[in-house]
Structure formats: structure tokens, C-alpha cells
Amino acid sequence: MMVSTPGILNASILIVDDQQSNVSLLEQLLSEAGYACVASTMNPQEVCALHRKNRYDLILLDLQMPGMDGFEVMAGLKTNDADGYLPVIVLTAQPGHKLRALQAGAKDFISKPFDLVEVKTRIHNMLEVRLLYKKLEDYNKVLEQTVQERTAELRESEARYRSLTELASDWYWEQDENGSFTKVSGPVLEMLGIRVDAFVGETSDGGMTGWNEAEREVLQAKIAARQPFLDFAFSRVNADGSQQQFRVSGEPMFNQSSRFIGYRGIGVETTAKK
């Protein structure tokens, strides 16, 4: 992620100093360096309103001003700075104020009297960091929006899938890695006697009554091998001697770490209706 030179030179800058000579010097310096969007004010009480309106990329802020000093200005900026980043370089002739200014939220400082090379370097570096921060912020917003859109698409797709499975089958089922049913939809209890939290082939009374053991072993072997299966036929003999026949399809599920987490699938009763 890079910031172009034109991007830096077109960044918006506000000069805040109660001395006209300092304002004029900085305006001339920035103009000669190619900066195109430079504004200034000698009234510190205007800074917060100006920043709310214009969202400056950089504020060059004098600390020693009558009526409202630079520390008070920074405190005010913190209350209305929506992006959480205070783009301030303080201007000070007092070495003891530098640490306090940084602790108050300033990102850098420029000493008075001005060293013109230092001024240009610090401004350029500060703007590069500021614009990179804005790019990252914009990227995160786009990423968040993309995630929300993809999540909505996934939910819609899952809803369509469930609707289709409900139309094409008698029930939908999911099992965890231990073989316990974690989700079922449709008349599974009535048709199979299976409840959520039961194992494959386990009936609501906790037994294995009526299932064809050979078929059941083949199905369990496929599940143990993490194999998908399509229209697997199995049957059950009820207590009254009647027989039910079913077909079931399933596929293994894995998480993002490729760890097996269970199965999901559909089933349908194929018993011939008399």
C-alpha cells in the first residue's frame, strides 16, 4: 500500500498560529514545495469547527496562543474527531512542551525558530503516514461491506438450499463428528423414531430395533471413512411386521482448518404406498 506524491501534495493542511509572520512563512514554504490545499487561521477558537467541516489531513498547530493555547485546541479536536486519529504537528519554541504535546495526542513537533528542511521533511512524513492510515481505514470499510454482502449471499443461498432439500426430500439432517444428530428438519421422529442427540439408527427409545444391520454397517463404514454417499438404500422392520424403506444422501463437513466436524444430508422414504 503506497501513497503517491500527487496524493501527498493535494492533502489538505491547516496552519494555526497567532503570529502572521509564522503563518506567511509556512504558507510560502508549503507553496514552494508544491502543496496545493493550504488554509490558515490566527484564531485558535475556529480550529475545531474548521476541522469538522474540512477534515484536514494535517494541522500545524502553535502551542503558545492567547485566549486558547494549543493544548486546549487538541483537547477540543479529540471530542469531535470521528476517525480517532489526531493529525497534528505542534509548533513550539519550548523544549519542555514537546513531551507534553505528544502525550496530549500530537503526532510530531516542529521546533521554533523553523529549520526549513526539517519543516518540509516532518510535514511530508506526517502526511504520508496520515494518508496511509486513511487508505487502511477505507480498505477496512470496503472489506467489512464485502463481508456483509457475502454473508447475506451465503444466508440466501443456504435458505434456497434448505427450501430445495425440503421439496426434494422428507427430511434434512446434520450430525457432529461423534455421529450424534445435531439438527433435523421434517418428520424424522415420526418416520424413523430418531431424535436429535441420537446416533445413526438409534430410535427414540434408545434401541437399535428393526434396522437392517448389514445395511447399517455399510453406512457407518462410509461415514467412518468420511465418504460422501448418494441415495444409499436402507430398511427397517417395525414391531407390527411392516417394513419401511429409505434412501439417504450425505456429505462430510470440514471447518476452515480442514478438521472433520460431521455430516449433513437429506433422506426420503421410498416405501411403496398401498
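Here is a check on your reading of the model: is Val119 assigned to a helix (DSSP H, G or I) and more than 16 Å from the chain's Cα centre (by Cα)?
Yes.
Go through Arg264, Arg247, Arg226 for me and flag whichever is in contact (Cβ under 8 Å) with a residue 60 or more places away in the chain and of a type outside the set (Asp, Glu).
Exactly one residue qualifies, and that residue is Arg264.
Could you check, for the range 190-211, whether at least one of its residues is within 34 Å of the chain's Cα centre (by Cα), modelled with pLDDT under 85 and assigned to a helix (DSSP H, G or I)?
No; the residues of the range 190-211 include none that is within 34 Å of the chain's Cα centre (by Cα), modelled with pLDDT under 85 and assigned to a helix (DSSP H, G or I).
Based on this model, can you work out whether Lys78 counts as under 23 Å from Asp138 (Cα atoms) and either touching a residue at least 60 places away in the same chain (Cβ under 8 Å) or out of contact with any His (no Cβ under 9 Å at 6 or more places or on another chain) (or both)?
yes
Kindly indicate the residue of the range 91-106 that is closer than 23 Å to Leu127 by Cβ and not in a helix (DSSP H, G or I) and also modelled with the highest pLDDT among those meeting that condition.
Among residues in the range 91-106 that are closer than 23 Å to Leu127 by Cβ and not in a helix (DSSP H, G or I), the one modelled with the highest pLDDT is Leu91.
Could you please let me know if Thr5 is in contact (Cβ under 8 Å) with a residue 24 or more places away in the chain and either surrounded by fewer than 18 Cβ atoms within 10 Å (Cβ to Cβ) or in the same structural domain as Leu116 (by TED's automatic domain parsing) (or both)?
Here the answer is no, as Thr5 does not meet what is asked.
Suppose we filter Val38, Val23, Val88 for residues that are among the β-branched types (Val, Ile, Thr), modelled with pLDDT of 90 or more and more than 17 Å from Lys120 (Cβ to Cβ); which single one remains?
Val88
Looking at Met253 and the list (1) more than 18 Å from Trp173 (Cα to Cα); (2) modelled with pLDDT of 90 or more, which single condition is not satisfied?
Tallying (1) more than 18 Å from Trp173 (Cα to Cα); (2) modelled with pLDDT of 90 or more, Met253 fails exactly one: (1).
Take the conditions in the same structural domain as Leu63 (by TED's automatic domain parsing), of a type in the set (Val, Ile, Thr) and within 20 Å of Val23 (Cα to Cα) and apply them to Val129. Does it pass?
Criteria not met by Val129.
What number of residues within the range 17-42 satisfy the criterion of being without any contact (Cβ under 8 Å) to a residue 40 or more places away in the chain and touching an Asp or Glu at 6+ places or on another chain (Cβ under 8 Å)?
Result for the range 17-42: 4.
Could you grab me the full set of residues in the range 54-68 that are surrounded by fewer than 19 Cβ atoms within 10 Å (Cβ to Cβ) and either part of a strand (DSSP E or B) or among the basic types (Lys, Arg) (or both)?
The one that is surrounded by fewer than 19 Cβ atoms within 10 Å (Cβ to Cβ) and either part of a strand (DSSP E or B) or among the basic types (Lys, Arg) (or both): Arg55.
Mind checking whether some residue in the range 56-66 is of a type in the set (Ser, Thr, Tyr), in contact (Cβ under 8 Å) with a residue 24 or more places away in the chain and touching a strand residue (DSSP E or B) at 6+ places or on another chain (Cβ under 8 Å)?
Yes.
Considering only the range 17-27, I want to know if a residue exists there that is under 40 Å from the mean Cα position of the chain (by Cα), β-branched (Val, Ile, Thr), more than 20 Å from Leu132 (Cβ to Cβ) and in the same structural domain as Lys112 (by TED's automatic domain parsing).
For the range 17-27, residues under 40 Å from the mean Cα position of the chain (by Cα), β-branched (Val, Ile, Thr), more than 20 Å from Leu132 (Cβ to Cβ) and in the same structural domain as Lys112 (by TED's automatic domain parsing): absent.
The values are calculated or read from the model by the stated rules, or taken from the named source; none is laboratory data. The shown structure was predicted, so the numbers you read here are calculated from the model rather than taken from an experiment. As a convention, Cβ positions derive from the backbone with ideal geometry for all residues, glycine included, and neighbour counts pool all protein chains shown.
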